[in-house]
Amino acid sequence: GDGTGVSLAFTRIPIFFTDLLSFYSEDYGKSFHDVSHTINNTFIKKDFGISAGPGNPQQVILTANLPFTESPGGVIFTSMDAGVTFRSVQLPFHPAQAIQFHYQDPKYLVVISIDDGLWLSEDFGNSWSEVHEGVHTFTWGSGITLFFSSSPKGTARRGELILRRTQDVGKNFTTIAKNIFSFGYIGGFLFTSVMEKLVWNSDNMHTQACVHPHEHTPCCPPFFIFPPVRIIKFYSVLDGDEDMIFMHVDNPGDTYFGTIYTSDDRGILYSKSLERHLFGGEGKSDFTNVTSLRGVYLTNILEEGMNTFITFDRGGRWRFLKKPENVNCPETSKKCSLHIHGEHSHFSGITPMLPLSEPTAIGLVIAHGSVGDSISAARPDVYVSGDGGYTWWGTLRGPHHYSILDSGGLIVAVEAHRDRQISSIKFSTDEGQCWKVFNFTDHPIFLAGLASEPGTKTMNISIFGYRPDDDDQPMWVAVTIDFEHLLTRECGEEDYVQWLAHSDYDSDPETDGCLLGYKETFRRLKKLSACRNGRGYVVSRQQRPCPCTREDYMCEYGFYRHENTSECLLQPDFLNQTQDICLNGELEDLQNTGYRKIPGDKCEEGVRPPRREDVFKKLCGNDISPTSANSHTKRSVSGPFLMTIITHYTVAKKQSKITYHVCYNITIINTVCLTSMSKSDVFLKINMNFVHKSISTFKIIHKEKHGC
């Protein structure tokens, strides 16, 4: 990676499994030489044997495959020169997973041992210390903050885990939450899924039930995190950053769809963004962040088939994808548009790859899809967008493996066949408008995949696969192609153009290209320039603020955007209802006109929808007891159940910490199913007979900002 050209390969003799050969390449895999002696001919673990430092490919760690019963600890080999030399380190434990680097400072390493110990190194693996016992999972926070869940002594049930934090590499610990199932950390938001006891009011489905999961949780006001929903199956955090998060809330029953909600910048209040969002029974969502252009996401919904929608303003408004100009609609189509295959289709084997975009290839998106009223399960084609998803071009027939090289100046693709060998690769220098074919071998292979160094700066691509040998055994083959020998001209200033992102061309020049409050102009390669950006290419952009318009605001909690307008109207369920929230010990009545600025929006002046808040305030928290919070008599029941969603996070502000506590009510009937609050979306199913007088609760524990 990062221009080193270094590749490491490990092979095992298939007959006796007694010899290991280690190979090293400095030319992107064009040639290898045996370096087995540098690691004492040691076996390397198959599943997690190789780890490379983030942002520094010179740092490599190999984990030896040793029997647990024959040694008190494992062995790792560390390299500071991209694998030229290795240093052997005897560990005081056996790793149970891949060793994880700190995302900014690779000298910090963390791993869980086979006996559930959390081990940490501060010197790139030379010495190790056990941080904690009984650990299940961990993740890095900001700085050197480390979050982890652990079991109390003598227990191993996930519902009884404790979430802790250390900010000084294990010297001191802070308990954040107890009785959790799992946790996740996304964009500065820390989430947990927990079990809570409940108090049930039989007279009013929407009356608050105060729960005290933590010692310092002050109150649970009668307030919903989402617009009213009576039955919930599971929640899933789809994506997030420091400004907001996307949350999927499943519909009742096995419907395989739900609603996407977007949060405010504190993660407290959520507004409905997209209904009937697909979330398959296998835990797969097609929600995709188009990383080549800010604010763009696409996903699929279930409505008379699977339909693709895209948003250019972080969920503020969703729309169909435009049909490519060079593709005709089926004769029977009534509302023809482009539909993109995502994780669901990839898991089902319909497509060999997911949609692809890269931050360094501005505006470029490559994906499999079909044109019509909904997604077709037939053989998909490849489509390319050069403007972040506004317009598309039908570019290749049939499924392909594809990759972005040279910071978007080069796209390569290889046909994907399960029953046919391939011998050629296709490449395009004009964002998929035209393709050329290069035959890379006289001996066709069955394709397994493509590989290149992380990022898009390289001009090298490796094609790996196998072909039957003389004895009918598969012989694995890797072919590396260096496109610098095909694109020999370096790009000059005349090859670039200034490109305004999100431009409508027909709109007001003052607001054209405005998104989330500002315009961005990029220096991009012209489509007709057949040259190479080179490894030194850096994305160049200019930003200008925009005046605020209604498009910079989304509908506030309890409001919805009227169809084909930018007007936010009060939802019928909220007529004549107060909206109370407990913030920092005070109960506030939120009364507003239905608009809030989209998180991350930087518009200045212009339209400012009127907003009224804090009509009255009174103390809440420890002064409000569960019994005094509501005059109705409460009793515990085994079903139906009330779900309480508790939000609690901390942010830094003017050298002090402000803690918000919010509780929300949602009625639950039948089985409860929650995802772990991580990107892996591991489901947790709870039998209601087992739950009895408890209920699953989702929490945002706190939000970190600026190192807090």
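Quick look at the numbers
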{"read-out": "Any hit, segment 35-52, residues being outside any loop (DSSP other than H, G, I, E, B), within 27 Å of the chain's Cα centre (by Cα) and β-branched (Val, Ile, Thr)", "value": "yes"}
{"read-out": "Of all residues making up segment 107-116, the number that are buried (at least 19 other Cβ atoms within 10 Å of the Cβ) and closer than 23 Å to Thr192 by Cβ", "value": "3"}
{"read-out": "Selection from segment 387-440 of residues that are touching a Leu at 6+ places or on another chain (Cβ under 8 Å) and of a type in the set (Val, Ile, Thr)", "value": "Ile404, Ile411, Val412, Val414, Ile422, Thr429"}
{"read-out": "Residue in segment 333-354 that is farthest from Leu450 (Cα to Cα), counting only those that are over 20 Å from the mean Cα position of the chain (by Cα), open to solvent by 50 Å² or more (accessible area, probe 1.4 Å) and touching a residue at least 24 places away in the same chain (Cβ under 8 Å)", "value": "Lys334"}
{"read-out": "Residue match in segment 465-477 (condition: of a type in the set (Ser, Thr, Tyr), free of Cβ contacts under 8 Å to residues at least 60 places away in the same chain and open to solvent by 70 Å² or more (accessible area, probe 1.4 Å))", "value": "yes"}
{"read-out": "Condition met for Val497 (at pLDDT 90 or above and at negative phi)", "value": "yes"}
{"read-out": "Subset of segment 547-565 [among the hydroxyl-bearing types (Ser, Thr, Tyr) and surrounded by 15 or more Cβ atoms within 10 Å (Cβ to Cβ)]", "value": "Thr549, Tyr553, Tyr557, Tyr560"}
{"read-out": "Subset of segment 519-535 that is crowded, with 17+ Cβ neighbours inside 10 Å and not hydrophobic (A, V, I, L, M, F, W, C) - its residue that is nearest to Lys602 (Cα to Cα)", "value": "Lys519"}
{"read-out": "Meets criteria (within 21 Å of the chain's Cα centre (by Cα), within 26 Å of Leu62 (Cα to Cα) and open to solvent by less than 20 Å² (accessible area, probe 1.4 Å)) for Gly125", "value": "no"}
{"read-out": "Filter pass, Ser127 being part of a loop (DSSP other than H, G, I, E, B) and polar (S, T, N, Q)", "value": "yes"}
{"read-out": "Boolean, Thr360 is open to solvent by 40 Å² or more (accessible area, probe 1.4 Å), touching a helix residue (DSSP H, G or I) at 6+ places or on another chain (Cβ under 6 Å) and modelled with pLDDT of 90 or more", "value": "yes"}
{"read-out": "Options Phe483, Phe440, Phe464: the member that is farther than 30 Å from Ser540 by Cβ and over 30 Å from the mean Cα position of the chain (by Cα)", "value": "Phe440"}
{"read-out": "Selection within segment 270-294 - under 25 Å from Leu515 (Cβ atoms) and open to solvent by 10 Å² or more (accessible area, probe 1.4 Å)", "value": "Lys272, Ser273, Leu274, Glu275, Ser285, Phe287, Thr288, Asn289, Thr291, Arg294"}
{"read-out": "Exclusive hit being without any contact (Cβ under 8 Å) to a residue 60 or more places away in the chain and open to solvent by less than 40 Å² (accessible area, probe 1.4 Å), set Phe257, Phe246, Phe312", "value": "Phe257"}
{"read-out": "Count of residues meeting criterion [of a type in the set (Gly, Ala, Ser) and assigned to a strand (DSSP E or B)] in segment 252-278", "value": "4"}
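Every residue, every condition in (1) farther than 26 Å from Thr137 by Cβ; (2) open to solvent by 40 Å² or more (accessible area, probe 1.4 Å), yes or no:
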residue	(1), (2)
Asp47	no, yes
Thr63	no, no
Ile76	no, no
Thr85	yes, yes
Phe93	no, no
Ala96	no, yes
His102	no, no
Asp105	no, yes
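The values are calculated or read from the model by the stated rules, or taken from the named source; none is laboratory data. Quantities reported herein were computed from a predicted structural model and do not represent experimental measurements. Cβ sites come from the backbone with ideal geometry, for glycine too, and all protein chains shown count toward neighbours. Accessible surface is based on the protein model in full, side chains and every heavy atom, while ligands, DNA and RNA are left aside. Shrake-Rupley method; radii C 1.70, N 1.55, O 1.52, S 1.80 Å.
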